[in-house]
Amino acid sequence: TPFPDTRMEAWRRTDLRSLAVESFQLADGSKKGLRVPADLLKPVADDPHGGQIILTPRERKVWLKPELAERGVIFTDLRTAEEKHADLLGRVLGSIVRPEEGKFSSLAAAFANTGVFLYVPRGVEVVEPLHALLWAQGAGLAHISNVVVWLEAGASATFIYETASLDENGGQTLHAGNLEMQIGEGATLRFVELQSLGEHVWNFMHERARVERDGNLEWVFGSIGSRVTKNFAELDLVGRGATGKMSGFYFTDHQQHLDYDSQQNHLAPNTTSDLLFKGALVDQSRAVWQGMIYVAPGAVKTDGYQANRNLILSDTARADSIPGLEILTDDVRCTH
């Protein structure tokens, strides 16, 4: 698989020549890494957690309310899921984000040594939010993750997933991950991903959600950290009446570079998508958002919208907004 460079359209605005690709070792049982700040373990909203997973280079801590476990909910780390729930995990892992999609999706598929598996059975409602934190501390380490979420028909849940670390001197840190979400017929997922990595971290994500008939996904992105982030996020509305909302916020300073590449794929009739990304930039930082609404043949009654708004707070900051539409049927409403 070729290493990405600026000759590739998807990577034209993100240069990886400064990434020290030969300097990393896998964060696998390493003793590196500082204690997780207590503030990161508190509930993001007012509601208490229904479960929490803390992933560090040293250890994995998993907690889930017993009453949720009794109802069949699985909320655990990737290695435990591989050992105890291999059949369920295997039905989703690698089927939504394919390893061959890119260099970093291949890396995550081959070497993932940390991550989360959330499974909510048919008709089960998880009221209290679930929280997971990947603490990607340690200069010179490569944190490779897979996150898999599967809600069966009629299920509902709120899941907050964070990647975070402190700023460090003495080298770069790498994070590469795949995120796969399967939202079943009539299911509802509220998924929040927050990125506050140190400014020495190079962060790469391939993410895709598949929403079945009458399913609903509210997907929130928040990004204030990392040296470089390149994120591929795709919403596949595969069932009639499926709905997806993607909302993002970011703030960049110093030399930070954030690049979000989003896809809203309407693959069935009567589907609705809505995307809004907003950011503020200072110093010499840069943000890139490139989005596409795709409407497949026969996906009539589609309603798709996308917008990106930026506040430039210094003369040397830069933001690129690149919307796109590819519509292969009639009787739709798509705007940006």
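The values are calculated or read from the model by the stated rules, or taken from the named source; none is laboratory data. Worth saying up front: this structure is predicted, and the values here are computed from it rather than measured. Cβ atoms come from the backbone with ideal geometry, glycine included; neighbour counts cover every protein chain shown. Just so you know, the surface numbers come from the protein's heavy atoms only, side chains and all, with ligands and any DNA or RNA stripped out. Shrake-Rupley method; radii C 1.70, N 1.55, O 1.52, S 1.80 Å.
Laid out as a table, the results:
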read-out	value
The lone exception for residue 93 - which of (1) closer than 30 Å to residue 9 by Cα; (2) in contact with a Ser or Thr (Cβ under 9 Å, 6 or more places away or on another chain); (3) in a loop (DSSP other than H, G, I, E, B) it fails	(2)
Any pair with Cβ under 6 angstrom, 6 or more apart, that starts in the stretch 229-257 at a residue that is part of a strand (DSSP E or B) and ends at one that is open to solvent by 20 Å² or more (accessible area, probe 1.4 Å) and of a type in the set (S, T, N, Q)	234/263; 243/216; 243/272
Where residue 315 falls short, out of the listed (1) open to solvent by 50 Å² or more (accessible area, probe 1.4 Å); (2) closer than 20 Å to residue 198 by Cβ; (3) out of contact with any Ser or Thr (no Cβ under 7 Å at 6 or more places or on another chain)	(2)
Residues that are on the phi > 0 side of the Ramachandran plot and touching a Pro at 6+ places or on another chain (Cβ under 9 Å), drawn from the stretch 123-164	138
Condition broken by residue 2, with the remaining ones in (1) within 25 Å of residue 233 (Cα to Cα); (2) touching a residue at least 40 places away in the same chain (Cβ under 8 Å); (3) in contact with an Asp or Glu (Cβ under 7 Å, 6 or more places away or on another chain); (4) part of a loop (DSSP other than H, G, I, E, B) satisfied	(3)
The stretch 2-27, subset of a type in the set (Asp, Glu) and open to solvent by less than 90 Å² (accessible area, probe 1.4 Å), residue farthest from residue 168 (Cα to Cα)	5
Filter result for the condition that a residue is part of a helix (DSSP H, G or I), aromatic (Phe, Trp, Tyr) and out of contact with any Pro (no Cβ under 7 Å at 6 or more places or on another chain), over 117, 75, 104	104
Wholly enclosed strands (runs of 3 or more DSSP E) of the stretch 290-336 bearing at least 1 residues acidic (Asp, Glu)	303-312, 318-322, 325-327
Residues that are under 20 Å from residue 173 (Cα atoms) and open to solvent by 20 Å² or more (accessible area, probe 1.4 Å), drawn from the stretch 233-259	253, 254, 255, 257
Criterion violated by residue 230 - all others in (1) surrounded by fewer than 24 Cβ atoms within 10 Å (Cβ to Cβ); (2) of a type in the set (D, E, K, R); (3) at pLDDT 95 or above satisfied	(1)
Subset of the stretch 23-42 (residues that are assigned to a loop (DSSP other than H, G, I, E, B), at pLDDT 85 or above and in contact with a strand residue (DSSP E or B) (Cβ under 8 Å, 6 or more places away or on another chain))	24, 27, 36
